[in-house]
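> My questions will all concern the structure given below.
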């Protein structure tokens, strides 16, 4: 993958909002961003998290990116899609990174539901 492009999320945040929330909203943003076709191309994408964003909730993350993680697998997803944070406040950026990792964890748990506790119980 040599080509690169950007995906700007600002228009999906909602008027006056400082957070990305809602699975339905994430799915709508996914469709508008044409991520199904982007998942299949040979382009790396930078997903731009706009200035003044304070939260990227798992509900939006799953609506927007679950199908990509399911299709590509987490490793290839991480190679293809990079998150870029416009905010200068490192505490905010740190929290947004936590939010994104939480979204990935939720996605992984939905793809492999027999992880965690069920795996532990079976080992006993």
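Each value in this text was obtained by applying a stated rule to the coordinates, not by laboratory testing. Small disclaimer: the values here were computed from a predicted structure and weren't measured. Reconstructed Cβ throughout: ideal geometry from the backbone, glycine too, with neighbour counts over all protein chains shown.
> Taking other Cβ within 10 Å of each residue's Cβ, how do 52, 106 sort, fewest first? It would help to have the intermediate numbers written out before the result.
Details: 52 13, 106 16.
Final ranking by Cβ density, sparse to dense: 52, 106.
> If you don't mind, another one. Quick one: check the C-alpha center-to-center distance for the range 77-99 versus the range 1-55, whole angstrom.
Comparing the Cα centres of the range 77-99 and the range 1-55, I get a distance of 13 Å.
> Report Rg/Rh for the chain, rounded to two decimals, where Rg is the Cα radius of gyration and Rh the Kirkwood radius. Write down the numbers at each step before the final one.
Numbers: Rg = 15.2 Å, Rh = 15.2 Å.
Ratio of gyration radius to Kirkwood radius: 1.00.
> List the relative contact order of the range 3-123 as a percent without decimals, with contacts defined as Cα pairs under 8 Å and 6+ residues apart.
On the way: 162 pairs, mean separation 35.4, N = 121.
Value for the range 3-123: 29 percent.
> While we're on this one: For n ≥ 4 DSSP H runs only, could you compute -39500 (n - 2.57) per run for the chain, divide by its residues and tell me the 222 nm figure to the nearest 500? Intermediate values should be presented prior to the final figure.
Numbers: 6 runs with 66 residues, N = 124.
It comes out at -16000 deg cm²/dmol, rounded to the nearest 500.
> What shape does the range 68-108 have by the C-alpha gyration tensor, where a ≥ b ≥ c are the square roots of the eigenvalues, rounded means a/c under 1.5, and otherwise prolate means a/b greater than b/c and oblate the rest? Numbers along the way, then the final one.
Working: a/c = 4.04, a/b = 1.87, b/c = 2.16.
Because a/c hits 1.5 or more and a/b fails to exceed b/c, the range 68-108 counts as oblate.
> Which ordering of 25, 79, 70 is given by a fewest-first count of other beta-carbon atoms within 10 Å?
Working: 25 19, 79 12, 70 15.
In increasing order of surrounding Cβ atoms, one gets 79, 70, 25.
> In the range 3-44, how does Rg compare with the Kirkwood Rh, expressed as the Rg/Rh ratio over alpha carbon atoms? Intermediate values should be presented prior to the final figure.
Details: Rg = 11.8 Å, Rh = 11.5 Å.
A ratio of 1.03.
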